[in-house]
């Protein structure tokens, strides 16, 4: 099974992918700051940021359909919260600004995560002196998300191949047992990883 | 509940980030000074576990589904400082990998779901477990704490949106908190069910004082002071300015009943609703707050019954399993 759906294109090759991770991260941060911070930004700022991002997407060779799918996945959340802003005086312009601001930020982050492998972002974090324990935790997490997702899939399949029918009332209990088992297996795996890390001189 | 970028203004972003950095700093300090390095891989794996667990969808009526937040689950199993770190790592990864929740809004999201939810939920868990001193007291506390953590996180989220001038408190509070009082029931149920599954497989964890893996803290009072201070500061900043407007509903009732007959202008000349921008919305906030109090009592009662049933069922199941080992999942 493929679990790399979220940052699948972070390892392809393009002019954008070849840039250093630190530059891409800094660029993304600046784009988001420009978009988010001004309270009533003139329209040309949004247009400028949008044009720049579109040019980068085209240069990065990420399939447009994939990009749109990722965007559409989160747009409902943005629209729901933004819709609450309609219930107040001057609501509609505020609603529009919110939707444009958060959509542009979303595009920036999707572009960053699909042009930069996660471990390179972690290296940037280490370089800006984020505590190393924290970065180690993030690296371990990223490494084992996919292992544990596979493990969950295996437990589900094993259960489904042994039971008939579709009892609705049992679903929650069944899923909770999978989560509980997953926790215990993660802690056992952590012990083995610690032993392996210690054996290689980590402390 | 993940706030996207663009919804918060600079002052809220800075305030929330400062609180989050302080909370994370304290949690990291506890990890570095009081715990063995064995904990680092454990917490990395716990974060991966939570990431995957949050992706498992629990079906609710009509094709909708919900998922675990896990703040109380992790803090019960690993301890509060550990849970703050685990939740934060998960939230950061979600922001960069999934684009779920904004990058600048990360400070606010970490405060709501990583600090307020963990510490608030854990506080109620310990409180209930201390009062209900039975074997299933932990389950009661965890279920109630899980509900409280969800509601508390949504209240902080509403406060931040209101302080930014994005969504008015009188609209956001009933909408966001109202919904999360329902979502919290699902969170409570999943937390109790998962804990039952864990305790059934490892009965030793149930009797252990702090979930088994947490190490006793040398100065619990200092932790309480720092974490309690952070939560209080957050509530004072984000929630108190709006919460103080709650009595509006009561004032209205007083006006209708004729309590304020001595007021300068008689009620039939100037409408009692005159100072509301949107009539009736102010009382909606008061109604939500009232519903929250009633809900808390209700959820506590239900958690109690649920924990008792789960506890009894799991001990029966355990007896049954010894006879038929093949039935194990």
Just checking, does the stretch B:104-119 include any residue being farther than 21 Å from residue B:40 by Cβ and part of a loop (DSSP other than H, G, I, E, B)? yes
Criterion violated by residue B:76 - all others in (1) more than 30 Å from residue A:101 (Cβ to Cβ); (2) in contact (Cβ under 8 Å) with a residue 60 or more places away in the chain; (3) more than 12 Å from chain A (Cβ to nearest Cβ); (4) within 15 Å of the chain's Cα centre (by Cα) satisfied: (3)
If residue B:111 satisfies every condition in (1) within 12 Å of another protein chain (Cβ to nearest Cβ); (2) more than 28 Å from residue B:304 (Cβ to Cβ) but one, which is the exception? (1)
Please tell me if residue B:117 is surrounded by 23 or more Cβ atoms within 10 Å (Cβ to Cβ), more than 7 Å from chain A (Cβ to nearest Cβ) and at pLDDT 90 or above. yes
If you check A:179, A:147, which single one turns out to be part of a helix (DSSP H, G or I) and surrounded by 19 or more Cβ atoms within 10 Å (Cβ to Cβ)? A:179
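Among the helices (runs of 4 or more DSSP H) confined wholly to the stretch A:17-105, which include 3 or more residues that are within 11 Å of another protein chain (Cβ to nearest Cβ)?
Because the criterion is at least 3 residues that are within 11 Å of another protein chain (Cβ to nearest Cβ), the helices (runs of 4 or more DSSP H) in the stretch A:17-105 that meet it are A:21-36, A:64-84.
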Would you pick out the residues in the stretch A:111-141 that are part of a helix (DSSP H, G or I) and within 7 Å of chain B (Cβ to nearest Cβ)? A:113, A:118, A:121, A:133, A:134, A:136, A:137, A:138, A:140, A:141
Taking the condition within 25 Å of residue B:192 (Cα to Cα), surrounded by fewer than 20 Cβ atoms within 10 Å (Cβ to Cβ) and modelled with pLDDT of 90 or more, does residue A:185 pass? yes
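So that you can scan it fast, the table gives a plain yes or no per residue for (1) within 19 Å of the chain's Cα centre (by Cα); (2) within 27 Å of residue A:120 (Cα to Cα):
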{"residue": "A:15", "(1), (2)": "no, yes"}
{"residue": "A:18", "(1), (2)": "no, yes"}
{"residue": "A:24", "(1), (2)": "yes, yes"}
{"residue": "A:29", "(1), (2)": "yes, yes"}
{"residue": "A:32", "(1), (2)": "yes, yes"}
{"residue": "A:35", "(1), (2)": "no, yes"}
{"residue": "A:38", "(1), (2)": "no, no"}
{"residue": "A:41", "(1), (2)": "no, no"}
{"residue": "A:49", "(1), (2)": "no, yes"}
Evaluate the following for residue A:16: is it modelled with pLDDT under 85, more than 20 Å from residue B:4 (Cβ to Cβ) and surrounded by 14 or more Cβ atoms within 10 Å (Cβ to Cβ)? yes
In the stretch B:36-67, residue nearest to residue B:144 (Cα to Cα) [restricted to those that are more than 7 Å from chain A (Cβ to nearest Cβ) and buried (at least 23 other Cβ atoms within 10 Å of the Cβ)]: B:50
Residue B:58 - would you say it is under 20 Å from the mean Cα position of the chain (by Cα), at pLDDT below 85 and farther than 21 Å from residue B:152 by Cα? yes
Subset of the stretch B:15-35 that is in contact (Cβ under 8 Å) with a residue 40 or more places away in the chain and within 12 Å of chain A (Cβ to nearest Cβ) - its residue that is surrounded by the fewest Cβ atoms within 10 Å (Cβ to Cβ): B:21
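The values are calculated or read from the model by the stated rules, or taken from the named source; none is laboratory data. Worth saying up front: this structure is predicted, and the values here are computed from it rather than measured. Every residue, glycine as well, gets a Cβ built from its backbone with ideal geometry; the counts of neighbours run over all protein chains shown.
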